[in-house]
Structures are given as C-alpha cells and as structure tokens.
Amino acid sequence: MNIDNELDARGLNCPLPILKAKKVLTKMLSGQLLKVIATDPGSTRDFQAFAKQTGNELVEQQTQGDEFIHILRRR
C-alpha cells in the first residue's frame, strides 16, 4: 500500500485524532491515502463514523499492541 501522508496521533484523545486527520485530508488530493496512528481505543469507532459522515473511504483498520492504525482514502 502506497501511503501518501502519515499522522501521528499517539497520546491524543477524542476528538483530536479526528480533527487532526480532517485537517490533513483537506490538503490532500482525491484518492491519496492517509495513515493515522492513534493510541485512543475509541478511535476505531470514531474513524468508522468519520468515514461515513465525510465520504472518505476507511480502507483498513488494525491494532498493533497498544496502537490503532487507520488508513483513509481521500474522497
């Protein structure tokens, strides 16, 4: 997977990972991929809801230890 941008949201709690991702996504081109690394367990459902509300595609979610990885495709 070719990631175009990466956001480190470790240590941030809701809603900051979403707000920072939204800001980064606005600067990206349609179709580009954003990888978000978060430590907030609630970020999994938050990014699912965010994708539905904004039309950005949630390509993948995974858990690696205490980190939650979210990959979004800019609409």
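Nothing in this text is a laboratory measurement; each read-out follows from the coordinates by a stated rule. Predicted, not measured: the structure shown is a model, and the values here were computed from it. Ideal geometry is used to build each Cβ from the backbone, glycine not excepted, and the neighbour counts take in all protein chains shown.
Among the residues making up segment 1-23, those that are of a type outside the set (Lys, Arg) and surrounded by 16 or more Cβ atoms within 10 Å (Cβ to Cβ) are Asn5, Leu7, Ala9, Leu12, Pro17, Ile18, Ala21.
Selection of segment 13-37 for residues being touching a strand residue (DSSP E or B) at 6+ places or on another chain (Cβ under 9 Å), within 21 Å of Asn2 (Cβ to Cβ) and either in a helix (DSSP H, G or I) or of a type in the set (A, V, I, L, M) (or both) yields Ala21, Val24, Leu25, Met28, Leu33, Leu34, Val36, Ile37. Among residues of segment 1-56 being of a type in the set (D, E, K, R) and over 10 Å from the mean Cα position of the chain (by Cα), the one that is farthest from His70 (Cα to Cα) is Lys27. So is Arg45 touching a Gly at 6+ places or on another chain (Cβ under 7 Å) and not in a strand (DSSP E or B) or not? So Arg45 fails the test.
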